[in-house]
Amino acid sequence: FIHIKKLYQDMDSYNEQSVTICGWIRSLRDSKSFGFISINDGTYFQPVQVVFDNTLENFDTIRKLNIGSALIIKGNVLVTPNARQPFEIHAESITIEGTSTPDYPLQKKRHSFEYLRTIPHLRPRTNTFQAVFRVRSLIAYAIHQFFQERDFVYVHTPIITGSDCEGAGEMFQVTTLDLANIEKSPNEKVNYKKDFFGKEVNLTVSGQLNGETYAMAFQNIYTFGPTFRAENSNTSRHAAEFWMIEPEMAFADLNDDMQVAEDMLKYIISYVMEHAKEELTFFNQHIDTGLIERLEHVLHSEFGHITYTEAIKILEKNNDAFQYKVHWGSDLQTEHERYLTEEIFKRPVFVTDYPKEIKAFYMKLNPDQKTVAAMDCLVPGIGEIIGGSQREDDYDLLLARMKETGLSLDDYAFYTDLRKYGSARHAGFGLGFERCVMYLTGMSNIRDVLPFPRTVGNCTL
Ligand code: 4AD
Ligand code: MG
């Protein structure tokens, strides 16, 4: 079968040629002697118009087909420079692969994103979701390419873990119901949380700690996998299951870290602008006017830099307008992040050197003893897209910090070992993959960039 994408790309060379395509009916109009089928084959988010007439032996069956039916069509391509669609196909034969019933939920009208969320198994058949998930796939590819070109080793960190990297206690616990393999004496009670692994375990909130161990062997590594957070925040940018990319670099400091983050985001943007032009044009027209201009602007500007302390000074002046008032020591909320990047910088910005109390235990203490070598990258429309830091590489300081935050030194012995055996300065960050997809498509809800979103109260399919 010729892919519809190929027809769009090389339509002139297919003009007046016979082709065979396959796909699903998006819409069908007919009259007594002829009809039009709009057909999509999944290779391109725009459908193709097929013209058919009563010279087809199964004309009467075809004209009564429901939307959603699967067809194989052989026909002649005709470039139509003056029509609404750039070309059409005049059917010589149409074979029915599978019919559809009249209750097919995707009729030829605009459905709201809210409605489409209730049918996550069917929404990838719409133009918007075809574009979103194709771009999502391209971004994943671009990220691998970016790191592989720079000799980073892709490490698969575990999903089931005993540690809580971010120390926020937002973990989903892993238990087992089938304990057939675990022998217990009759009077010993089964502990569903502990018995399989011999301790309590959870789904990972971040692959960073495992990633650091490999960075101490390979120098530069990255992870790319699912992470899980039981955050009870029902917002348009939090999911309970999301994907994260976490590079970790030995012999690198916070500035190196920010440079890699900026280069990576720019690389992804150029890649998508080059490989998904039509999708971006579609988003720019239907989802977020100004998207392309904004992305181009990012490519041609340096990211902003500001310390947390400076940022707080700016934000305090605007406290009246915020729902949450800030002062030195407060964590930044989305409204503050967006104010900084949208109103003050009008481009992506790194906020650095946060108070140690609001950041994770592993971040390197700054000489002022109050702040840590942390960076968050904020982007317009979203807020935080990346969180990273230079890591504490001093054995004694790390131990002291772990004691302060109440971490078990035994559980994290593997982690402190790294500071005993050839400790090297190192840094890394985590890019929220879905937030990155939102940033590049203009989609405003994380539920619409995850194929099967899991959020508070929602785990359909
Ligand atoms: O800032 P976070 O919590 O950083 C870490 O997990 C570090 N261990 C990363 C590292 O240094 N290796 O998370 C990183 C990014 C955030 O900036 C955000 O984009 C995304 O992950 N993120 C979420 N995305 C969707 N839903 C959630 N609940 C998210 N929580 C974090
Ligand atoms: Mg963060």
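Observations on the model:
- Estimated inter-spin distance, residue 452 and residue 256, nm [label 7 Å along Cα→Cβ]: 4.0 nm
- Residues whose amide H falls under 5 Å from that of residue 305, counting only those 5 or more places apart or on a different chain, are 350, with hydrogens built in the peptide plane.
- FRET efficiency, 1/(1 + (r/R0)^6) with R0 30 Å, evaluated for residue 277 and residue 300 via beta carbons: 0.95
- The aspartates and glutamates within cross-link reach of residue 370, meaning a Cα-to-Cα straight distance under 18 Å and a gap of 8 or more places when in the same chain, are 310, 331, 353, 357, 392, 393, 394, 396, 404.
- Low-density loop cleavage sites - GluC sites (Glu not before Pro) in the range 266-332, where at most 16 other Cβ are within 10 Å (DSSP): 302
- Computed lengthening from residue 150 to residue 369, 0.36 nm per intervening residue step minus Cα-Cα distance: 75.4 nm
- FRET efficiency estimate (nearest 0.05) - Cβ-Cβ, residue 57 to residue 285, R0 35 angstrom: 0.30
- Segment residue 420..residue 95, full-extension length gain: 110.1 nm, with 0.36 nm per residue of separation and the alpha-carbon distance subtracted.
- Chain lengthening between residue 109 and residue 233 when straightened (0.36 nm per residue, less Cα-Cα): 41.4 nm
- Violating pairs (Cα-Cα greater than 19 angstrom) within the set 5/277; 199/359; 5/74; 6/74; 266/346: 199/359
- Most tightly packed first, judged by the mean number of other beta-carbon atoms within 10 Å of their residues, the peptides 424-432, 131-139, 393-401, 10-18 read 424-432, 131-139, 393-401, 10-18.
Every number in this text was worked out from the coordinates using simple rules, so none of it is lab data. This is a predicted model, so every value here is computed, not measured. In this analysis, Cβ positions are derived from the backbone assuming ideal geometry, glycine residues included, and neighbour counts consider all displayed protein chains.
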